[in-house]
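What follows is a single structure, written as structure tokens, with notes after it.
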Amino acid sequence: MKIINKIDDCREEAGALIKKGVSIGLVPTMGYLHEGHMSLIRLAKKECERVIVSIFVNPSQFGPNEDFKKYPRDSRRDEKLSEEGGVDYIFRPAAEEMYRDRHSTYVEIEGLSKIMCGRFRPGHFRGVATIVLKLFNIITAQKAFFGRKDYQQLVIIKKMVSDLNIDMEIIGCPTIREKDGLAISSRNRYLDNEERHNAGIIYESLKIVGSGIVSENSDLDKLRRKAIKNLRGSKYIKRIDYFDIRDAETLEEIRDKGSKDILVATAVWIGNTRLIDNIVIEKGKQRQIDI
Ligand code: AMP
């Protein structure tokens, strides 16, 4: 496994592979790798001949009062896990390498980046789209792998790729969960024991809506209120930023089931930790797919 820190070196390595006709799978991450990331790596390995994992805690996607500074980092562990996972290259640039002097170009995805998490984290998706596009320009992979755990991010990246005619396939990968249903996240480590013990309520609340829809209950608003009541019943849930039921493709809010795939997504605060999660109910198959 090779570790690359410089953009030019990375471009050169990736370019040489492409010239030889070797397919590349890119897995963009912020490091502190966990089972969620590893599942993306496994999929990338299945579908591509070489896997590049990028590790970059991107300052431009954090707000001024957010957790950029305290975001967990452990480069040794990341290297070990990547090596064990069969990663071929880690691309781990410094912030100054990615944002050189007077960087002033950003990617704005209108509409989609203002709803859900975008309402509560202004500028977040602008930062995400910008760094992802930069990565795509440095590493012209055939496929890039993203978790459906960050569902809105996945939709936004797909939109950017389509709108800007980027020649790359975006693959959405299933959400990996702990035994109690909590979606695995680097931020879970902020939770203390009691908070962690009670965090399964997020997935439980999403499933209230999911099971309601699957069992033919079509009053979405009632199901939503029931789920919110469940969350509010826990003293560990300090705040609910949103709990939304939307069209899984367009992210438009929906009032009735119709015949579309339905996204149920939430962002909540457990103590001082903001966590997001979602499920999608695949209408056609009348089952809840754990995405
Ligand atoms: P992050 O390092 O948190 O920016 O995540 C890097 C990639 O891993 C993103 O595409 C995430 O959606 C994905 N990811 C994070 N957690 C999970 C999870 N529990 N299951 C599946 N994918 C995940």
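The values are calculated or read from the model by the stated rules, or taken from the named source; none is laboratory data. It should be emphasised that the depicted structure is a prediction, and the values quoted were computed from it without experimental measurement. Virtual Cβ from ideal backbone geometry, glycine too; neighbours counted across all protein chains shown.
General observations
- Test for Val87: is it within 16 Å of the ligand (Cβ to nearest atom), in a loop (DSSP other than H, G, I, E, B) and within 20 Å of the chain's Cα centre (by Cα): yes
- Enumerated helices (runs of 4 or more DSSP H) restricted to the range 144-251, each holding at least 3 residues that are within 16 Å of the ligand (Cβ to nearest atom), out of contact with any strand residue (DSSP E or B) (no Cβ under 6 Å at 6 or more places or on another chain) and not polar (S, T, N, Q): 151-163
- The condition of being under 30 Å from Asp8 (Cα atoms) and of a type in the set (A, V, I, L, M, F, W, C) holds for Leu135.
- Residue pairs whose Cβ atoms lie under 8 Å apart, separated by 6 or more positions or on different chains, with the first residue in the range 1-28 and closer than 25 Å to Arg100 by Cα and the second acidic (Asp, Glu), are Lys2/Glu13; Lys2/Asp88; Ile3/Glu79; Ile4/Glu13; Asn5/Glu97; Lys6/Glu97; Ile7/Glu97.
- Selection count where residues are outside any loop (DSSP other than H, G, I, E, B) and free of Cβ contacts under 8 Å to residues at least 60 places away in the same chain, scope the range 94-135: 6
- Thr266 polar (S, T, N, Q), assigned by TED's automatic domain parsing to the domain that holds Glu282 and under 24 Å from Lys179 (Cβ atoms): yes
- Look at the range 72-84: where a residue is in contact (Cβ under 8 Å) with a residue 40 or more places away in the chain and a partner is loosely packed, with under 13 Cβ neighbours inside 10 Å, sitting 6+ places away or on another chain with Cβ atoms under 7 Å, you get Pro72/Arg189.
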